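The next block holds one structure in the form of structure tokens; read it before the comments.
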Amino acid sequence: GYGEYFNDYGADQPVDKIGQDEILHEIFAELPASNILWRPEVYLKDTVGFISECKRAMLSPDNLRAIAKSNQAFIKTGSKICSKQLAKLVRMDKTVLPLFESLFVELQANLSNDTLPGSLTPLDAMAVTSLAEALVAANESGKTNTLTTWKNQWLQKNADNQWVIAGTKEVNKLLGGADIYERYLKKLATKKLFDYDDMILRAIAGLETNAELRFSLQEQYQYIMLDEFQDTNLAQLKLIELLTNNPASEGRPNILAVGDDDQAIFSFQGADLTNMLRFHTMYRDVTTITLTENWRSHADILELAGGVSEQIEERLHTRLGFAEKLLVAKNPNLPQKAHIARHEFKSDVAQFGWIASNVDTLIKKGTNPAEIAILAPKHKYLEPLVPYLANLGVPVRYD
């Protein structure tokens, strides 16, 4: 109903996954050998996801190059500092603490203060912050475990056997990906196509450039509820902002967001816990309500899940300083006792065989197959299990 605001796109048609694959095969066939990602059998499949993630984070090819340039500068400067400050580092023990403290001081003194696209944190700031945390933990515990972890994450040896900042290969991949991404955008434009992520990006562009459209939609949608908010990405959050930033609301629109910060670790479709934090800065007088009553799960399940969640460092209540999230089972109709067990297997074959065998045993003992579920975070973990169940004659409904 708002086609007049999107005339620039003319008769563009959506491209499906097969069409995307064909375009990327064309691009990889044209890539120079200087592009580190030139091998399609290795990188083509991942490139589709990479481009999608960039669009969902509202990052252009030039944005990626700016990030890569900043990273390159830190690797060069930081490596000189590391090779000097850690020249005497041979093995990790208590004597290395002063070396890392001196390293921290000099790295901090040489922070670039770069401003990156999408309000991303520069690599040097990330390295310094994580080193500071590792030093605090090392001083408190008297052990160097955290410093070893930091070293393994951030450093490597160069050809001269000196400690330097790692990441050169990753920067080159980012530059290679930016080149492919740019070629992909040009191919889409030439062929008059758009992909799934473009639909949101074009809606954002339309709202940003047409105040009449923006105000009309803001008037039409005065009450907005966002469910599964932890699954939103930056592009979706920008769309939400454009629908709610009417001056008349004075920063307090009628908007409700419902989400679980602990589920943000799965990063569904480019999701980012940062969006839940940004919600508190986008609007004024945000009221946060912690939902603690759980009507789905047994208390034993919640206790186990709580133990896992406590290991997640980036949790919303710790970042924003409100009440701790402790879930309480409230459904009296659930069984009195839940059985939870943890098993380890030497191979996938052993794991799938054990699962299938146990399902078969339950059914033979009278359990309704409809009452048995096998859950996994991604479909790829379930697909190899199906033949094992089929071999035992176990009926399967795959959702």
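Scan region 363-379 and give yes if some residue there is polar (S, T, N, Q), open to solvent by less than 80 Å² (accessible area, probe 1.4 Å) and part of a helix (DSSP H, G or I), otherwise no. Steps first, please.
Applying the first criterion (polar (S, T, N, Q)) to region 363-379 yields 367-368.
Narrowing further to those that are open to solvent by less than 80 Å² (accessible area, probe 1.4 Å): 367.
If we keep only those that are part of a helix (DSSP H, G or I) too, we end up with none.
Looking for residues that are polar (S, T, N, Q), open to solvent by less than 80 Å² (accessible area, probe 1.4 Å) and part of a helix (DSSP H, G or I), one finds none in region 363-379, hence no.
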I'd like to check something: does region 264-275 contain any residue that is open to solvent by 40 Å² or more (accessible area, probe 1.4 Å), modelled with pLDDT under 90 and of a type in the set (A, V, I, L, M)? yes
Taking the criterion of being under 15 Å from residue 181 (Cβ atoms) and open to solvent by 70 Å² or more (accessible area, probe 1.4 Å), would at least one residue in region 112-123 satisfy it? no
Return yes or no: is residue 144 in contact (Cβ under 8 Å) with a residue 60 or more places away in the chain, surrounded by 15 or more Cβ atoms within 10 Å (Cβ to Cβ) and polar (S, T, N, Q)? no
Would you check if there is a residue in region 49-60 being free of Cβ contacts under 8 Å to residues at least 24 places away in the same chain and either surrounded by fewer than 12 Cβ atoms within 10 Å (Cβ to Cβ) or within 21 Å of residue 118 (Cβ to Cβ) (or both)? yes
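For region 6-14, state whether one or more residues are assigned to a helix (DSSP H, G or I) and open to solvent by 70 Å² or more (accessible area, probe 1.4 Å).
Yes, because at least one residue in region 6-14 is assigned to a helix (DSSP H, G or I) and open to solvent by 70 Å² or more (accessible area, probe 1.4 Å).
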Per the filter on region 15-29, residues surrounded by 10 or more Cβ atoms within 10 Å (Cβ to Cβ) and in a helix (DSSP H, G or I) are 17, 19, 20, 21, 22, 23, 24, 25, 26, 27, 28
Return yes when residue 94 is surrounded by fewer than 19 Cβ atoms within 10 Å (Cβ to Cβ), in contact with a Leu (Cβ under 9 Å, 6 or more places away or on another chain) and either within 20 Å of residue 145 (Cα to Cα) or of a type outside the set (D, E, K, R) (or both) and no when it is not. no
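Do you know which of the residues in region 335-362 that are among the hydroxyl-bearing types (Ser, Thr, Tyr) and within 22 Å of residue 383 (Cβ to Cβ) is surrounded by the most Cβ atoms within 10 Å (Cβ to Cβ)? Don't jump to the end; show me each part of the working.
From region 335-362, those among the hydroxyl-bearing types (Ser, Thr, Tyr) are 347, 357, 361; that's our starting set.
Checking the rest, the ones that are also within 22 Å of residue 383 (Cβ to Cβ) come to 347, 357.
Details: 347: 8, 357: 14.
Of everything passing the filter in region 335-362, 357 is surrounded by the most Cβ atoms within 10 Å (Cβ to Cβ).
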Which one of the conditions (1) under 26 Å from the mean Cα position of the chain (by Cα); (2) free of Cβ contacts under 8 Å to residues at least 12 places away in the same chain; (3) over 30 Å from residue 224 (Cβ atoms); (4) in a loop (DSSP other than H, G, I, E, B) does residue 308 fail to meet, given that it meets all the rest? (4)
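The values are calculated or read from the model by the stated rules, or taken from the named source; none is laboratory data. Note that the structure is predicted; figures quoted are calculated from it, not measured. Heads up, the Cβs are rebuilt from the backbone with ideal geometry, glycines too, and the neighbour counts pull from every protein chain shown. Accessible surface areas use protein heavy atoms only, side chains included; no ligands, DNA or RNA. Shrake-Rupley method; radii C 1.70, N 1.55, O 1.52, S 1.80 Å.
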